[in-house]
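Structure first, then comments.
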Amino acid sequence: MGTVLAFDFGEKRIGVATGETLLGSAHPLTVIHAEANDDRFAAIAKLIAEWQPEQLVVGLPTHVDGTPHDMTRLARKFAERLARRTGLPVALADERLTSLDAEARLREAGQKFGGRNSKSAKPLLDAVAAQLILQTWFESPQHATPAQPPA
């Protein structure tokens, strides 16, 4: 029981969401804009100090049929580093189609994509995608089993 932080890993941005296991609901939190690993992990360390999570979740991107691709490998590597650097349990959650779902939800809420507004909408999209990743994890029957990095 406790706070969980979830991450929608990207090479340019990392969307972050938070939620409580007791409530089982997730909320978009922020987006980390940093390409250098040290800067990314410094921003994550600040979030961990502020939110005091008991669990971390990283979205695992795959093709629609579940087969891995280049971002799958990078997200796994990010999850492993996160576990090593924070000492917290890190679980992986299926993130297939979360970006499309996040975009659809934001469009329903009146957010415009394309044209001038698309650049400012992308960070919001990443945070909502992280929210959907965390919500998927909360709703999965195996969410109590953390995925530990290989030794």
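Which strands (runs of 3 or more DSSP E) does region 1-58 wholly contain that include 2 or more residues that are surrounded by fewer than 19 Cβ atoms within 10 Å (Cβ to Cβ) and in contact (Cβ under 8 Å) with a residue 60 or more places away in the chain?
Ranges flagged: 25-33.
On inspection, PRO68 fails the criterion of being in contact with a strand residue (DSSP E or B) (Cβ under 8 Å, 6 or more places away or on another chain), assigned to a loop (DSSP other than H, G, I, E, B) and of a type outside the set (Val, Ile, Thr). Of all the listed residues (ARG76, ARG84), the sole one being of a type in the set (Lys, Arg) and more than 16 Å from the chain's Cα centre (by Cα) is ARG84. Selection of region 78-100 for residues being assigned to a helix (DSSP H, G or I), crowded, with 16+ Cβ neighbours inside 10 Å and at pLDDT below 95 yields THR98, SER99. Annotation: PRO123 fulfils all but one of (1) at pLDDT below 80; (2) more than 14 Å from the chain's Cα centre (by Cα); the unmet one is (2). Filtering region 43-99 to residues that are among the polar types (S, T, N, Q) and closer than 19 Å to GLY19 by Cα leaves GLN52, GLN55, THR86, THR98, SER99.
The values are calculated or read from the model by the stated rules, or taken from the named source; none is laboratory data. Given the structure is predicted, the values throughout are model-derived calculations rather than measurements. As a convention, Cβ positions derive from the backbone with ideal geometry for all residues, glycine included, and neighbour counts pool all protein chains shown.
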